[in-house]
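What follows draws every value from the coordinates through simple rules; no lab data is involved. Computed from a predicted structure; not experimentally measured. When we count neighbours, we look across all protein chains shown, and the Cβ atoms used for this are built from the backbone with ideal geometry, even at glycine.
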Amino acid sequence: MGKYDRIKLLVGEEFSNMQNAKILLLGVGGVGSFCLDCLYRSGVKDITIVDFDTYDESNQNRQMWSELHEGEVKVAALKEHYPEIKTINKRIDEEWVWEFDFEPYDLVLDAIDDRNAKLALAQKCYKKLISSFGSAKRMDPTKIKVDDIWKSYGDKFGSKIRYELKKRGFKKKYKVIFSSEEIMVKEKGSFMGVTASFGLTMCSEAIKKLR
């Protein structure tokens, strides 16, 4: 069988929609790197990734390819593994979001941690946004949920996002990925079984919207 024949068996003629889509992936850490890998292996190739960070040893428990590129810029290292992607080496903060042109992209995938940037993303491009909430401090991937922002629960970070959006008068809906599992520690411990599952769930939701 050919490289994409197995995914084509599932999506049929809609595979061309996936191949022709333009995706913007913000953040390629524990969630974003697995989302990228899943999209790419599924035949989605017009992907622009944005991140400013470099790999260090602490990334190696949860981030794709990190053990091979310690000390290297993430987006440049990932370009070696996914040669057809486009890369932007920038810190994603609120100012960057308001200044960036999201118009060319069919989907915006948010795998960042910056709260103010997440709020700006919701306000600016909610119609094509899929956003990830907290994946750290948890061990059970079966507790991962997908729903619109106002139906999310069980996540303090998500609660803060909802509160701030209400303060700003934002009433629109967009899709979020979250966990109903209670956090296990106060420190930012992480388990790849959960962080990677968040990324794979994001990829699945993106493909659903592209079909």
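Which ones in segment 174-211 are touching a Phe, Trp or Tyr at 6+ places or on another chain (Cβ under 7 Å) and in contact (Cβ under 8 Å) with a residue 60 or more places away in the chain?
Residues satisfying the conditions are ALA196, GLY199, LEU200.
List, please: which pairs have Cβ atoms under 7 Å, are six or more places apart or on different chains, and start with a residue in segment 112-141 that is free of Cβ contacts under 8 Å to residues at least 24 places away in the same chain and of a type in the set (A, V, I, L, M, F, W, C) and end with one that is crowded, with 19+ Cβ neighbours inside 10 Å and in a strand (DSSP E or B)?
Note: pairs meeting the criteria are CYS125/VAL108.
Checking the conditions here, which among LYS145, LYS171 is surrounded by 15 or more Cβ atoms within 10 Å (Cβ to Cβ), among the charged types (D, E, K, R) and free of Cβ contacts under 8 Å to residues at least 60 places away in the same chain? Show your work before the answer.
Numbers: LYS171 fails: surrounded by 15 or more Cβ atoms within 10 Å (Cβ to Cβ).
Of LYS145, LYS171, the one residue that is surrounded by 15 or more Cβ atoms within 10 Å (Cβ to Cβ), among the charged types (D, E, K, R) and free of Cβ contacts under 8 Å to residues at least 60 places away in the same chain is LYS145.
Checking ILE23 against (1) β-branched (Val, Ile, Thr); (2) without any contact (Cβ under 8 Å) to a residue 60 or more places away in the chain; (3) buried (at least 18 other Cβ atoms within 10 Å of the Cβ); (4) under 18 Å from ASP106 (Cβ atoms), which test does it fail?
Every listed condition holds for ILE23 apart from (2).
Among the residues of segment 131-156, which ones are assigned to a loop (DSSP other than H, G, I, E, B), of a type in the set (A, V, I, L, M, F, W, C) and under 20 Å from ILE112 (Cβ atoms)?
PHE133, ALA136 - these are the residues of segment 131-156 that are assigned to a loop (DSSP other than H, G, I, E, B), of a type in the set (A, V, I, L, M, F, W, C) and under 20 Å from ILE112 (Cβ atoms).
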